[in-house]
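Notes to accompany the following structure.
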Amino acid sequence: MVLTDIESANKKLNAQLVGAQLDKIAVSSIEFSMCFMTKSMPIREIWVTTSGRAASSSQEEREDFFEQRGAFLSLAYSLIGNSISKIGTNEEGCLSITIGKERIVISPDEECFEEIWSVTPDNHSPYQEYDWFVTYTDDNELLTK
């Protein structure tokens, strides 16, 4: 991953999400999504969706993916109503989000064969055309628009 790609992605992520409030979560067997509401008018939804491994700095990481996901879901639910104070990605493809006092890290998982994580406006549907997005793929590519 090129450093300028990371800088560009981080700039876009911070511009869109810092101050946004966690409003709801959606879960399926293969992905987890968090919906944030922007503070600026007009209020918009921004979705962070992952099929990768999600953990918090305050939780002990578990070996089993689904045990880890279950523990993380409990934490995510408790964070509803809190706002993002910091967000960014790094050269390993991890997405780090600070919500309230918790630092959440979404990281690539060797068994993941889809987008590791994506940040998109208004909808988390993979079939929609977006004005902007930031995505980390299973091919270890950071994509931005």
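General remarks:
- A single entry from Glu141, Glu129 fulfils the requirement of being farther than 20 Å from Asp23 by Cβ, at pLDDT 85 or above, of a type in the set (D, E, K, R) and over 14 Å from the mean Cα position of the chain (by Cα): Glu141.
- Condition check for Arg53: in contact (Cβ under 8 Å) with a residue 12 or more places away in the chain and under 20 Å from Asp23 (Cα atoms): no
- Number of the condition not met by Lys12 [criteria: (1) more than 23 Å from Gln128 (Cβ to Cβ); (2) in contact (Cβ under 8 Å) with a residue 12 or more places away in the chain; (3) of a type outside the set (Ser, Thr, Tyr); (4) assigned to a helix (DSSP H, G or I)]: (1)
- Taking the listed residues Ser118, Ser56, Ser28, Ser74, the one that is closer than 17 Å to Asn10 by Cβ and either acidic (Asp, Glu) or modelled with pLDDT of 85 or more (or both) is Ser118, with no other qualifying.
- Of the set (1) of a type in the set (Lys, Arg); (2) at pLDDT below 85; (3) touching an Asp or Glu at 6+ places or on another chain (Cβ under 9 Å), all apply to Arg44 but (2).
Conditions (1) without any contact (Cβ under 8 Å) to a residue 60 or more places away in the chain; (2) within 24 Å of Val134 (Cβ to Cβ), marked per residue:
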site	(1), (2)
Glu60	yes, no
Gly70	yes, no
Ile80	yes, yes
Lys86	no, yes
Asn90	no, yes
Gly93	no, yes
Ile106	yes, yes
Glu115	no, yes
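- Residue ID - nearest to Leu142 (Cα to Cα), chosen from residues in the range 86-115 that are in contact with a Ser or Thr (Cβ under 7 Å, 6 or more places away or on another chain) and at pLDDT below 85: Glu115
The values are calculated or read from the model by the stated rules, or taken from the named source; none is laboratory data. This one's a predicted model, so the numbers in the text were calculated from it and none came from an experiment. Using ideal geometry, Cβ is built from the backbone for each residue, glycine included, and neighbour counts are taken over all protein chains shown.
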